[in-house]
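Values in this text are rule-based calculations from the coordinates and carry no lab data. It should be emphasised that the depicted structure is a prediction, and the values quoted were computed from it without experimental measurement. Note that we place each Cβ from the backbone using ideal geometry, even for glycine, and neighbour counts take in every protein chain shown.
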Amino acid sequence: MSIAKKLEIWQAQNLISAEQAKKITAYEKENRKPILTLPLLALGFFCIALGVASLVSANWQIIPDSVKLGVDLAIMLGLAGGIFFCFCKEKELLFEGLMLLFSLMVLVSIGLIAQIYQLQTQGLGAYFLWCVLVFPLVIISRRIVLPLIWLPIFTASSVDTLTNITFFRDLLEIIEHTFPFAISVCGILVFAYMYRFVSYYFRTRLAPQIKAMKFWLGFDIVSLVVLMDFGASNMFSGIFYDDILNGDNYQSILVISCLVLANVGFGYFSYKYNYSRLLTCVLAILLGFSIIYMALPDNNTILDLWGFLLTMSILSTVVAYALIKNRVKLLNIATACMAIRLFFVYLQVFGSMVTTGIGLIVSGVLFLSLIYGWKKLQLNTMLVIKESK
């Protein structure tokens, strides 16, 4: 609903006067954020950079190496000067745009130097170097764009770099052979700890960076849930379950114990410092269902139902959280996802449109009954509170 429509309703309800409505309208016009300015600014810088790159590539072979390096250095110095000027003059949008362009030029410079001096990098080493060099810009950035780009590149390149260390590579192999999806669950748990640590100690100073971490954490969790749900029956590997029961595979038992303790520790930290319990519950559900996966028989129907229960457990937790915190938008999204997943499970299990239709009707009636019961309970609770007063 637009602000103008809201003002009309507030005036009709005698919540504000006509004079107050005019003042609010004038204030909103003066302080309206330029929604398209930053994307258009970024697009403009990107087009200029792409045009320059096209011109240079057309004459690349005839340009001396010294000229290439000199022009690259001049561009970098010019961008650095522009960033410093915009920072001093508090031109935030231009400051962010120049930082984004400077970050891109750092990557271009790495590639240029590697090409001129014939330097060979293994894996994602060049991207890891870029992440290290650009890290100060990510810290001082006041918008989410640069941290949002930097985080996944840093995660992938740092893991790739760490795999060159024998100890880390052996540790990944142990975790991978503990239970299905173990590496993904472990990675999300580590990232959740980093997110909680940064949000606790740097809540105000690194607000855009925390938002970027929150986005990628949510993206990773959703991606893993979808993979575990719809991909479980296609990648069955119920391994090591017998070894764990017999106590032969002490490494697997140790990894599972560490992950359980890490989940408990994360929950305790969230409880102690009054953070939301939603993330703790979601992490516990992911770990529990991953371990249960080992005990399942190699049957597509059972694995499909297992995936369905996983998704519905996660969504039910989100619904409960949204109801407790009165998050209407989140509640609507979660219930819509539950309805969509319910439709898919009927297609997976029953297949026939007749049985699917009957099942959906029964489910719809059940949902409506639950809503009616919830509303009735809410009304009775309010009456009891009023009578007690």
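So which residues in region 64-98 are closer than 30 Å to Ile116 by Cβ, in a helix (DSSP H, G or I) and not hydrophobic (A, V, I, L, M, F, W, C), if there are any at all?
Asp65, Ser66, Lys68, Gly70, Asp72, Gly78, Gly81, Gly82, Gly97 - these are the residues of region 64-98 that are closer than 30 Å to Ile116 by Cβ, in a helix (DSSP H, G or I) and not hydrophobic (A, V, I, L, M, F, W, C).
Might you let me know whether region 121-129 holds any residue that is of a type in the set (Gly, Ala, Ser), touching an Asp or Glu at 6+ places or on another chain (Cβ under 9 Å) and more than 18 Å from Ala212 (Cα to Cα)?
The answer is yes, given that some residue of region 121-129 is of a type in the set (Gly, Ala, Ser), touching an Asp or Glu at 6+ places or on another chain (Cβ under 9 Å) and more than 18 Å from Ala212 (Cα to Cα).
If we only count helices (runs of 4 or more DSSP H) wholly inside region 132-210, which ones have 3 or more residues that are touching a residue at least 40 places away in the same chain (Cβ under 8 Å) and farther than 30 Å from Ile292 by Cα?
Qualifying helices (runs of 4 or more DSSP H): 145-162.
Quick test for you: out of Gln118, Gln61, Gln122, pick the one residue that is in contact (Cβ under 8 Å) with a residue 40 or more places away in the chain and not in a helix (DSSP H, G or I).
On the way: Gln118 fails: in contact (Cβ under 8 Å) with a residue 40 or more places away in the chain; Gln61 fails: in contact (Cβ under 8 Å) with a residue 40 or more places away in the chain.
Result of the check over Gln118, Gln61, Gln122: Gln122.
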